[in-house]
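The values are calculated or read from the model by the stated rules, or taken from the named source; none is laboratory data. All values reported here derive from a predicted model rather than from experimental measurement. Heads up, the Cβs are rebuilt from the backbone with ideal geometry, glycines too, and the neighbour counts pull from every protein chain shown.
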Amino acid sequence: MSRLRPRSVRAQATLGASAVVALALGLASFALLGALETNLTMSAQADAERQAVKVAALAATGRLEPVPPPGHGTDFVQVIDAQGRVIAASPNLRGRPALVPEPPVAPGTVRGTWKGGRVRQEHRQRVVQVTTVTANGLVTVYAGTSLRDADTADETIVAVLAVVVPLLVLVVALITWRVTGWALRPVEAIRAEVAEIGDRELHRRVPVPATRDEVAGLAVTMNATLDRLEAAGIRQRRFIADASHELRSPITVLRTQLEVAQAHPDPELWGDLVSGALEDTVRLQDLAADLLLLARLDTSEPPPAAVVDLTEVVREAACTRRGERVPVRADIAPGIAVRGSTIWLSRLVTNLLDNAGRHAEQHVTVVLRVDASRGEVVLEVTDDGAGIAPADRERVFERFTRLDDARARDEGGTGLGLAIARDIALRLGAPSPSGTPRRGPAWSPRSPTERRSGPGRGRPPR
(Lines give C-alpha, C1' and ligand atoms only; values in the text may rest on other atoms or scores of the structure.)
Protein backbone atom coordinates (compact mmCIF):
# COMPACT_ATOMS: atom_id res chain seq x y z
CA MET A 1 0.00 0.00 0.00
CA SER A 2 2.88 2.38 0.75
CA ARG A 3 4.15 1.92 -2.80
CA LEU A 4 0.75 2.78 -4.28
CA ARG A 5 0.37 5.91 -2.17
CA PRO A 6 1.33 9.05 -4.11
CA ARG A 7 4.45 10.74 -2.79
CA SER A 8 4.12 14.27 -4.10
CA VAL A 9 1.98 16.84 -2.30
CA ARG A 10 0.31 17.68 -5.59
CA ALA A 11 -0.75 14.09 -6.21
CA GLN A 12 -1.86 13.60 -2.62
CA ALA A 13 -3.98 16.75 -2.70
CA THR A 14 -5.53 15.71 -6.02
CA LEU A 15 -6.25 12.20 -4.78
CA GLY A 16 -7.69 13.48 -1.52
CA ALA A 17 -9.94 16.05 -3.19
CA SER A 18 -11.13 13.51 -5.76
CA ALA A 19 -11.86 10.94 -3.08
CA VAL A 20 -13.81 13.44 -1.00
CA VAL A 21 -15.83 14.64 -3.98
CA ALA A 22 -16.49 11.06 -5.14
CA LEU A 23 -17.65 10.09 -1.66
CA ALA A 24 -19.87 13.16 -1.38
CA LEU A 25 -21.41 12.63 -4.79
CA GLY A 26 -21.93 8.95 -4.07
CA LEU A 27 -23.72 9.69 -0.82
CA ALA A 28 -25.76 12.42 -2.49
CA SER A 29 -26.70 10.04 -5.31
CA PHE A 30 -27.84 7.36 -2.88
CA ALA A 31 -29.81 9.94 -0.94
CA LEU A 32 -31.42 11.25 -4.12
CA LEU A 33 -32.35 7.78 -5.32
CA GLY A 34 -33.74 6.87 -1.90
CA ALA A 35 -35.81 10.05 -1.66
CA LEU A 36 -37.18 9.64 -5.18
CA GLU A 37 -37.96 5.96 -4.61
CA THR A 38 -39.77 6.71 -1.35
CA ASN A 39 -41.77 9.56 -2.84
CA LEU A 40 -42.96 7.63 -5.89
CA THR A 41 -43.68 4.49 -3.86
CA MET A 42 -45.72 6.37 -1.28
CA SER A 43 -47.70 8.11 -4.02
CA ALA A 44 -48.50 4.78 -5.71
CA GLN A 45 -49.40 3.22 -2.37
CA ALA A 46 -51.81 6.03 -1.57
CA ASP A 47 -53.67 5.44 -4.85
CA ALA A 48 -53.85 1.69 -4.29
CA GLU A 49 -54.96 2.09 -0.70
CA ARG A 50 -57.80 4.42 -1.61
CA GLN A 51 -59.05 1.89 -4.18
CA ALA A 52 -58.72 -1.07 -1.76
CA VAL A 53 -60.59 0.72 1.01
CA LYS A 54 -63.35 1.75 -1.43
CA VAL A 55 -63.86 -1.81 -2.74
CA ALA A 56 -63.74 -3.25 0.80
CA ALA A 57 -66.50 -0.86 1.83
CA LEU A 58 -68.65 -1.98 -1.10
CA ALA A 59 -68.08 -5.64 -0.17
CA ALA A 60 -69.01 -5.00 3.45
CA THR A 61 -72.33 -3.43 2.42
CA GLY A 62 -73.11 -6.12 -0.16
CA ARG A 63 -72.83 -3.81 -3.17
CA LEU A 64 -69.67 -5.34 -4.65
CA GLU A 65 -69.77 -5.73 -8.44
CA PRO A 66 -68.23 -8.81 -10.07
CA VAL A 67 -65.96 -6.64 -12.19
CA PRO A 68 -64.98 -3.55 -10.23
CA PRO A 69 -63.17 -1.10 -12.48
CA PRO A 70 -59.68 0.04 -11.27
CA GLY A 71 -59.67 3.57 -9.96
CA HIS A 72 -57.34 6.42 -10.78
CA GLY A 73 -53.70 5.31 -10.42
CA THR A 74 -54.64 1.65 -9.82
CA ASP A 75 -53.68 -1.15 -12.20
CA PHE A 76 -55.71 -4.09 -10.86
CA VAL A 77 -58.20 -5.15 -8.18
CA GLN A 78 -58.99 -8.66 -6.96
CA VAL A 79 -61.38 -9.75 -4.20
CA ILE A 80 -61.02 -13.15 -2.50
CA ASP A 81 -63.25 -14.80 0.09
CA ALA A 82 -62.16 -16.77 3.12
CA GLN A 83 -61.92 -20.02 1.07
CA GLY A 84 -59.53 -18.43 -1.43
CA ARG A 85 -62.09 -18.12 -4.22
CA VAL A 86 -62.04 -15.06 -6.48
CA ILE A 87 -65.37 -13.28 -6.12
CA ALA A 88 -64.49 -10.13 -8.06
CA ALA A 89 -61.63 -8.93 -10.26
CA SER A 90 -60.75 -6.07 -12.54
CA PRO A 91 -60.94 -6.74 -16.29
CA ASN A 92 -57.20 -7.41 -16.63
CA LEU A 93 -57.42 -10.20 -14.02
CA ARG A 94 -60.69 -11.85 -15.25
CA GLY A 95 -60.36 -15.63 -15.20
CA ARG A 96 -57.11 -15.53 -13.25
CA PRO A 97 -56.71 -17.56 -10.02
CA ALA A 98 -56.26 -15.91 -6.66
CA LEU A 99 -53.09 -13.86 -6.42
CA VAL A 100 -52.49 -15.18 -2.87
CA PRO A 101 -53.34 -18.88 -2.33
CA GLU A 102 -53.85 -18.50 1.41
CA PRO A 103 -55.97 -15.46 2.26
CA PRO A 104 -55.67 -13.76 5.67
CA VAL A 105 -57.76 -15.05 8.56
CA ALA A 106 -58.22 -11.73 10.38
CA PRO A 107 -59.34 -8.24 9.35
CA GLY A 108 -56.65 -5.62 8.76
CA THR A 109 -54.54 -3.77 6.21
CA VAL A 110 -51.19 -4.95 4.80
CA ARG A 111 -48.95 -3.00 2.44
CA GLY A 112 -46.17 -4.47 0.34
CA THR A 113 -44.34 -4.57 -2.97
CA TRP A 114 -44.70 -7.49 -5.36
CA LYS A 115 -42.55 -8.48 -8.25
CA GLY A 116 -44.17 -8.40 -11.64
CA GLY A 117 -44.50 -12.20 -11.92
CA ARG A 118 -47.66 -12.52 -9.86
CA VAL A 119 -49.67 -10.24 -12.07
CA ARG A 120 -47.62 -10.89 -15.20
CA GLN A 121 -46.27 -7.38 -15.32
CA GLU A 122 -42.79 -6.21 -16.21
CA HIS A 123 -42.47 -3.72 -13.35
CA ARG A 124 -42.92 -4.05 -9.64
CA GLN A 125 -46.36 -3.59 -8.09
CA ARG A 126 -47.20 -1.72 -4.91
CA VAL A 127 -50.10 -3.69 -3.38
CA VAL A 128 -52.42 -2.81 -0.51
CA GLN A 129 -54.33 -5.71 1.07
CA VAL A 130 -57.48 -4.83 3.04
CA THR A 131 -59.40 -7.63 4.85
CA THR A 132 -62.91 -6.82 6.04
CA VAL A 133 -65.92 -8.65 7.48
CA THR A 134 -69.02 -9.15 5.29
CA ALA A 135 -72.26 -11.06 5.66
CA ASN A 136 -70.63 -14.08 3.99
CA GLY A 137 -67.47 -14.00 6.09
CA LEU A 138 -64.05 -12.44 5.60
CA VAL A 139 -63.29 -10.85 2.27
CA THR A 140 -59.83 -9.66 1.20
CA VAL A 141 -59.32 -6.94 -1.36
CA TYR A 142 -56.01 -6.66 -3.26
CA ALA A 143 -55.46 -3.35 -5.02
CA GLY A 144 -52.17 -2.72 -6.79
CA THR A 145 -50.51 -0.07 -8.87
CA SER A 146 -47.41 -0.32 -11.02
CA LEU A 147 -44.09 1.20 -9.95
CA ARG A 148 -43.04 1.69 -13.54
CA ASP A 149 -42.53 5.42 -12.91
CA ALA A 150 -40.25 4.71 -9.96
CA ASP A 151 -38.34 2.02 -11.87
CA THR A 152 -37.97 4.25 -14.93
CA ALA A 153 -36.84 7.20 -12.81
CA ASP A 154 -34.33 5.01 -10.98
CA GLU A 155 -32.90 3.66 -14.21
CA THR A 156 -32.69 7.13 -15.73
CA ILE A 157 -31.04 8.70 -12.70
CA VAL A 158 -28.62 5.80 -12.31
CA ALA A 159 -27.60 6.14 -15.95
CA VAL A 160 -27.15 9.89 -15.60
CA LEU A 161 -25.20 9.59 -12.37
CA ALA A 162 -23.00 6.87 -13.85
CA VAL A 163 -21.87 9.42 -16.41
CA VAL A 164 -22.06 12.67 -14.44
CA VAL A 165 -20.35 11.55 -11.22
CA PRO A 166 -17.13 10.30 -12.90
CA LEU A 167 -17.06 13.44 -15.04
CA LEU A 168 -17.41 15.66 -11.98
CA VAL A 169 -14.72 13.72 -10.14
CA LEU A 170 -12.45 14.02 -13.17
CA VAL A 171 -13.09 17.76 -13.43
CA VAL A 172 -12.37 18.21 -9.72
CA ALA A 173 -9.17 16.17 -10.08
CA LEU A 174 -8.01 18.28 -13.03
CA ILE A 175 -8.83 21.55 -11.29
CA THR A 176 -7.16 20.43 -8.08
CA TRP A 177 -4.09 19.29 -10.01
CA ARG A 178 -3.81 22.63 -11.78
CA VAL A 179 -4.56 24.77 -8.72
CA THR A 180 -2.20 22.76 -6.52
CA GLY A 181 0.52 23.03 -9.14
CA TRP A 182 -0.02 26.77 -9.34
CA ALA A 183 0.04 27.08 -5.54
CA LEU A 184 3.18 24.94 -5.23
CA ARG A 185 5.05 26.70 -8.01
CA PRO A 186 6.62 29.21 -5.58
CA VAL A 187 7.59 26.32 -3.32
CA GLU A 188 9.36 24.64 -6.21
CA ALA A 189 11.12 27.91 -6.98
CA ILE A 190 12.22 28.14 -3.35
CA ARG A 191 13.41 24.52 -3.37
CA ALA A 192 15.35 24.99 -6.60
CA GLU A 193 17.01 28.15 -5.31
CA VAL A 194 17.93 26.55 -1.98
CA ALA A 195 19.32 23.51 -3.81
CA GLU A 196 21.69 25.78 -5.76
CA ILE A 197 22.90 27.71 -2.72
CA GLY A 198 26.26 26.39 -1.61
CA ASP A 199 28.40 27.23 1.39
CA ARG A 200 30.07 29.93 -0.69
CA GLU A 201 26.81 31.44 -1.96
CA LEU A 202 24.99 32.28 1.25
CA HIS A 203 24.38 35.79 -0.08
CA ARG A 204 21.68 34.44 -2.41
CA ARG A 205 18.03 34.60 -1.35
CA VAL A 206 14.90 32.73 -2.37
CA PRO A 207 12.14 34.56 -4.26
CA VAL A 208 9.27 35.86 -2.13
CA PRO A 209 5.89 35.61 -3.90
CA ALA A 210 3.52 38.57 -3.72
CA THR A 211 0.62 36.40 -2.50
CA ARG A 212 1.16 37.14 1.22
CA ASP A 213 0.12 33.61 2.07
CA GLU A 214 1.83 30.74 3.90
CA VAL A 215 4.25 30.20 1.01
CA ALA A 216 5.31 33.85 1.19
CA GLY A 217 5.79 33.43 4.93
CA LEU A 218 7.92 30.36 4.24
CA ALA A 219 10.06 32.34 1.80
CA VAL A 220 10.52 35.17 4.30
CA THR A 221 11.48 32.69 7.01
CA MET A 222 13.89 30.95 4.65
CA ASN A 223 15.55 34.25 3.77
CA ALA A 224 15.81 35.11 7.46
CA THR A 225 17.47 31.73 8.02
CA LEU A 226 19.88 32.43 5.18
CA ASP A 227 20.61 35.82 6.72
CA ARG A 228 21.53 34.12 9.97
CA LEU A 229 23.61 31.51 8.16
CA GLU A 230 25.43 34.17 6.21
CA ALA A 231 26.06 36.18 9.35
CA ALA A 232 27.25 33.05 11.15
CA GLY A 233 29.55 32.23 8.25
CA ILE A 234 30.98 35.75 8.26
CA ARG A 235 31.50 35.59 12.01
CA GLN A 236 33.13 32.19 11.71
CA ARG A 237 35.54 33.31 9.00
CA ARG A 238 36.33 36.48 10.91
CA PHE A 239 36.79 34.49 14.09
CA ILE A 240 39.12 32.04 12.36
CA ALA A 241 41.14 34.90 10.89
CA ASP A 242 41.35 36.73 14.21
CA ALA A 243 42.18 33.55 16.10
CA SER A 244 44.91 32.72 13.60
CA HIS A 245 46.34 36.22 14.01
CA GLU A 246 46.13 36.11 17.80
CA LEU A 247 47.76 32.69 17.95
CA ARG A 248 50.46 33.64 15.48
CA SER A 249 51.84 36.47 17.61
CA PRO A 250 52.63 34.55 20.83
CA ILE A 251 53.79 31.54 18.85
CA THR A 252 56.17 33.74 16.84
CA VAL A 253 57.52 35.39 19.98
CA LEU A 254 57.91 32.03 21.70
CA ARG A 255 59.75 30.60 18.71
CA THR A 256 62.01 33.64 18.57
CA GLN A 257 62.88 33.26 22.24
CA LEU A 258 63.66 29.58 21.80
CA GLU A 259 65.78 30.29 18.75
CA VAL A 260 67.70 32.96 20.67
CA ALA A 261 68.20 30.54 23.54
CA GLN A 262 69.46 27.92 21.10
CA ALA A 263 71.76 30.35 19.27
CA HIS A 264 73.16 31.89 22.47
CA PRO A 265 73.61 29.19 25.10
CA ASP A 266 74.45 31.74 27.78
CA PRO A 267 73.07 30.76 31.19
CA GLU A 268 72.73 34.42 32.13
CA LEU A 269 70.12 34.93 29.39
CA TRP A 270 68.10 31.82 30.14
CA GLY A 271 66.19 33.35 33.03
CA ASP A 272 64.75 36.17 30.94
CA LEU A 273 64.14 33.90 27.98
CA VAL A 274 62.37 31.28 30.09
CA SER A 275 60.26 33.96 31.80
CA GLY A 276 59.21 35.40 28.44
CA ALA A 277 58.51 31.97 27.04
CA LEU A 278 56.45 31.10 30.11
CA GLU A 279 54.40 34.29 29.74
CA ASP A 280 53.67 33.54 26.10
CA THR A 281 52.82 29.93 26.95
CA VAL A 282 50.37 31.10 29.61
CA ARG A 283 48.91 33.51 27.10
CA LEU A 284 48.49 30.69 24.57
CA GLN A 285 46.90 28.53 27.25
CA ASP A 286 44.44 31.28 28.22
CA LEU A 287 43.62 31.97 24.58
CA ALA A 288 43.01 28.28 23.87
CA ALA A 289 40.76 28.02 26.95
CA ASP A 290 38.78 31.07 25.82
CA LEU A 291 38.39 29.67 22.32
CA LEU A 292 37.17 26.32 23.69
CA LEU A 293 34.66 28.06 25.95
CA LEU A 294 33.36 30.15 23.04
CA ALA A 295 33.02 26.99 20.97
CA ARG A 296 30.94 25.42 23.74
CA LEU A 297 28.79 28.54 24.00
CA ASP A 298 28.17 28.46 20.24
CA THR A 299 26.72 24.93 20.34
CA SER A 300 22.99 24.25 20.43
CA GLU A 301 23.17 22.20 23.61
CA PRO A 302 20.79 23.35 26.35
CA PRO A 303 22.47 25.60 28.93
CA PRO A 304 22.99 24.39 32.51
CA ALA A 305 19.91 24.81 34.67
CA ALA A 306 21.22 24.25 38.19
CA VAL A 307 20.27 26.72 40.92
CA VAL A 308 23.33 28.91 41.61
CA ASP A 309 23.83 31.29 44.54
CA LEU A 310 24.75 34.34 42.49
CA THR A 311 25.31 36.42 45.63
CA GLU A 312 28.10 34.10 46.74
CA VAL A 313 29.62 33.96 43.24
CA VAL A 314 29.81 37.76 42.96
CA ARG A 315 31.06 38.19 46.54
CA GLU A 316 33.83 35.64 46.02
CA ALA A 317 34.90 37.26 42.73
CA ALA A 318 35.01 40.68 44.39
CA CYS A 319 36.98 39.38 47.38
CA THR A 320 39.73 38.01 45.14
CA ARG A 321 40.38 41.59 43.95
CA ARG A 322 41.57 42.81 47.32
CA GLY A 323 45.08 44.20 47.19
CA GLU A 324 45.01 44.95 43.47
CA ARG A 325 45.85 48.28 41.89
CA VAL A 326 42.20 49.38 41.74
CA PRO A 327 39.95 48.47 44.68
CA VAL A 328 36.54 46.96 44.05
CA ARG A 329 33.51 48.36 45.80
CA ALA A 330 30.70 45.84 46.22
CA ASP A 331 26.99 46.44 46.72
CA ILE A 332 25.60 42.92 46.70
CA ALA A 333 22.03 42.06 47.63
CA PRO A 334 21.80 38.90 49.75
CA GLY A 335 20.10 35.65 48.86
CA ILE A 336 19.93 36.01 45.06
CA ALA A 337 19.85 32.72 43.16
CA VAL A 338 19.47 32.09 39.45
CA ARG A 339 19.47 29.08 37.17
CA GLY A 340 22.73 28.49 35.35
CA SER A 341 26.26 27.22 35.89
CA THR A 342 28.54 28.25 38.73
CA ILE A 343 31.59 28.02 36.46
CA TRP A 344 29.96 30.09 33.71
CA LEU A 345 28.67 32.77 36.08
CA SER A 346 31.99 32.99 37.86
CA ARG A 347 33.72 33.41 34.51
CA LEU A 348 31.23 36.12 33.51
CA VAL A 349 31.82 38.16 36.69
CA THR A 350 35.58 37.66 36.51
CA ASN A 351 35.75 38.84 32.90
CA LEU A 352 33.71 41.95 33.70
CA LEU A 353 35.92 42.79 36.68
CA ASP A 354 39.09 42.15 34.66
CA ASN A 355 37.90 44.44 31.89
CA ALA A 356 36.88 47.17 34.34
CA GLY A 357 40.13 46.86 36.32
CA ARG A 358 42.27 47.37 33.23
CA HIS A 359 40.59 50.70 32.42
CA ALA A 360 39.68 52.10 35.84
CA GLU A 361 41.48 55.09 37.34
CA GLN A 362 40.69 54.78 41.04
CA HIS A 363 37.85 52.35 41.68
CA VAL A 364 35.58 49.62 40.28
CA THR A 365 32.02 49.11 41.51
CA VAL A 366 30.03 45.89 41.29
CA VAL A 367 26.30 45.98 42.05
CA LEU A 368 24.01 42.95 42.30
CA ARG A 369 20.32 43.68 42.80
CA VAL A 370 16.82 42.49 41.94
CA ASP A 371 14.58 44.56 39.68
CA ALA A 372 11.24 43.77 41.30
CA SER A 373 9.22 45.55 38.62
CA ARG A 374 10.56 43.24 35.91
CA GLY A 375 11.33 40.21 38.02
CA GLU A 376 14.96 40.22 36.87
CA VAL A 377 18.36 39.96 38.49
CA VAL A 378 20.68 42.81 37.46
CA LEU A 379 24.49 42.64 37.66
CA GLU A 380 26.34 45.90 37.01
CA VAL A 381 30.11 46.43 36.89
CA THR A 382 31.26 50.05 36.46
CA ASP A 383 34.57 51.84 36.53
CA ASP A 384 35.72 55.46 36.44
CA GLY A 385 37.89 55.09 33.34
CA ALA A 386 37.78 56.99 30.09
CA GLY A 387 34.65 55.17 28.94
CA ILE A 388 33.61 54.00 25.49
CA ALA A 389 32.36 56.12 22.64
CA PRO A 390 28.71 55.51 21.66
CA ALA A 391 29.76 54.19 18.24
CA ASP A 392 31.85 51.46 19.89
CA ARG A 393 29.39 50.27 22.52
CA GLU A 394 28.30 47.32 20.43
CA ARG A 395 31.67 46.59 18.87
CA VAL A 396 33.30 46.20 22.27
CA PHE A 397 31.49 42.89 22.71
CA GLU A 398 32.76 41.44 19.43
CA ARG A 399 35.49 38.85 19.58
CA PHE A 400 39.14 39.99 19.38
CA THR A 401 38.08 43.62 19.52
CA ARG A 402 40.52 46.12 21.04
CA LEU A 403 39.43 49.72 20.97
CA ASP A 404 42.83 50.98 22.12
CA ASP A 405 45.40 49.84 19.57
CA ALA A 406 48.19 51.76 21.29
CA ARG A 407 48.15 49.84 24.57
CA ALA A 408 50.46 46.90 25.18
CA ARG A 409 49.20 43.46 24.41
CA ASP A 410 49.94 42.13 27.85
CA GLU A 411 47.69 44.80 29.34
CA GLY A 412 44.92 44.42 26.83
CA GLY A 413 44.11 40.75 27.28
CA THR A 414 43.05 38.42 24.49
CA GLY A 415 40.09 40.47 23.29
CA LEU A 416 37.65 37.69 24.22
CA GLY A 417 36.67 38.61 27.79
CA LEU A 418 33.60 40.74 27.04
CA ALA A 419 32.57 38.47 24.16
CA ILE A 420 32.59 35.50 26.53
CA ALA A 421 30.67 37.45 29.17
CA ARG A 422 28.06 38.49 26.63
CA ASP A 423 27.67 34.95 25.23
CA ILE A 424 27.37 33.43 28.71
CA ALA A 425 24.69 35.94 29.68
CA LEU A 426 22.75 35.30 26.49
CA ARG A 427 22.97 31.53 26.91
CA LEU A 428 21.60 31.85 30.45
CA GLY A 429 18.59 33.91 29.38
CA ALA A 430 19.74 37.54 29.57
CA PRO A 431 18.10 40.05 27.19
CA SER A 432 19.76 40.44 23.83
CA PRO A 433 21.96 43.53 23.52
CA SER A 434 20.64 46.41 21.46
CA GLY A 435 22.27 49.31 19.73
CA THR A 436 20.26 51.89 21.71
CA PRO A 437 20.90 51.86 25.47
CA ARG A 438 17.77 51.27 27.49
CA ARG A 439 16.98 52.14 31.09
CA GLY A 440 19.52 50.00 32.87
CA PRO A 441 21.04 48.82 29.55
CA ALA A 442 22.04 45.21 29.36
CA TRP A 443 25.36 45.67 27.62
CA SER A 444 26.17 49.16 26.43
CA PRO A 445 28.00 51.82 28.48
CA ARG A 446 25.77 54.60 29.72
CA SER A 447 28.08 57.49 28.95
CA PRO A 448 31.57 58.13 27.55
CA THR A 449 32.86 58.95 31.04
CA GLU A 450 31.46 55.94 32.87
CA ARG A 451 32.23 52.41 31.71
CA ARG A 452 29.58 49.83 32.45
CA SER A 453 30.56 46.22 31.80
CA GLY A 454 27.35 44.19 31.82
CA PRO A 455 24.88 44.31 33.43
CA GLY A 456 23.93 40.70 32.95
CA ARG A 457 20.27 40.07 33.50
CA GLY A 458 18.66 36.79 34.38
CA ARG A 459 15.45 35.52 35.86
CA PRO A 460 15.36 34.04 39.38
CA PRO A 461 14.50 30.34 39.56
CA ARG A 462 10.88 29.56 40.16
Can you name the residue in region 333-381 that is part of a helix (DSSP H, G or I) and of a type in the set (Lys, Arg) and, of all such residues, is farthest from the chain's Cα centre (by Cα)? 358
Are any of the residues in region 106-129 part of a strand (DSSP E or B) and hydroxyl-bearing (Ser, Thr, Tyr)? yes
Selected residue (only one of 93, 99, 58, 32 is under 19 Å from residue 154 (Cβ atoms) and surrounded by 12 or more Cβ atoms within 10 Å (Cβ to Cβ)): 32
Can you pull out every residue in region 184-226 that is outside the structural domain of residue 237 (by TED's automatic domain parsing), in a helix (DSSP H, G or I) and under 26 Å from residue 237 (Cβ atoms)? 193, 194, 195, 196
In region 134-181, what count of residues is obtained for those that are without any contact (Cβ under 8 Å) to a residue 60 or more places away in the chain, assigned to a strand (DSSP E or B) and surrounded by 17 or more Cβ atoms within 10 Å (Cβ to Cβ)? 1
Given the conditions (1) surrounded by 17 or more Cβ atoms within 10 Å (Cβ to Cβ); (2) in contact with a Gly (Cβ under 8 Å, 6 or more places away or on another chain); (3) assigned to a helix (DSSP H, G or I), report the number of the one that residue 74 does not fulfil. (3)
Looking at region 283-319 only, could you name the residues that are among the hydroxyl-bearing types (Ser, Thr, Tyr) and either closer than 30 Å to residue 239 by Cα or free of Cβ contacts under 8 Å to residues at least 12 places away in the same chain (or both)? 299, 300
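Table: residues versus (1) β-branched (Val, Ile, Thr); (2) surrounded by fewer than 18 Cβ atoms within 10 Å (Cβ to Cβ); (3) modelled with pLDDT of 90 or more; (4) within 26 Å of residue 289 (Cα to Cα).
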site: 352; (1), (2), (3), (4): no, no, yes, yes
site: 362; (1), (2), (3), (4): no, yes, no, no
site: 369; (1), (2), (3), (4): no, yes, yes, no
site: 375; (1), (2), (3), (4): no, yes, no, no
site: 380; (1), (2), (3), (4): no, no, yes, yes
site: 385; (1), (2), (3), (4): no, no, no, no
In this structure, does residue 315 turn out to be farther than 24 Å from residue 396 by Cβ and surrounded by 15 or more Cβ atoms within 10 Å (Cβ to Cβ)? yes
Only one of 286, 280 is closer than 20 Å to residue 418 by Cβ, outside the structural domain of residue 416 (by TED's automatic domain parsing), of a type in the set (Asp, Glu) and more than 40 Å from the chain's Cα centre (by Cα). Can you tell me which? 286
When you look at residue 147, is it under 29 Å from residue 126 (Cβ atoms), at pLDDT 85 or above and assigned by TED's automatic domain parsing to the domain that holds residue 26, yes or no? yes
Please pick out the residue among 79, 55, 67 that is over 19 Å from residue 148 (Cβ atoms), of a type in the set (A, V, I, L, M) and assigned to a loop (DSSP other than H, G, I, E, B). 67
Identify the single condition in (1) surrounded by 13 or more Cβ atoms within 10 Å (Cβ to Cβ); (2) assigned to a helix (DSSP H, G or I); (3) of a type outside the set (Val, Ile, Thr) that residue 268 does not satisfy, given that it satisfies every other one. (1)
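Any idea how many residues of region 292-302 are surrounded by fewer than 17 Cβ atoms within 10 Å (Cβ to Cβ) and either within 26 Å of residue 400 (Cβ to Cβ) or more than 31 Å from the chain's Cα centre (by Cα) (or both)?
Number satisfying all stated conditions: 7.
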Which residues, counting only those in region 289-345, are touching an Asp or Glu at 6+ places or on another chain (Cβ under 7 Å) and more than 26 Å from residue 383 (Cα to Cα)? 297
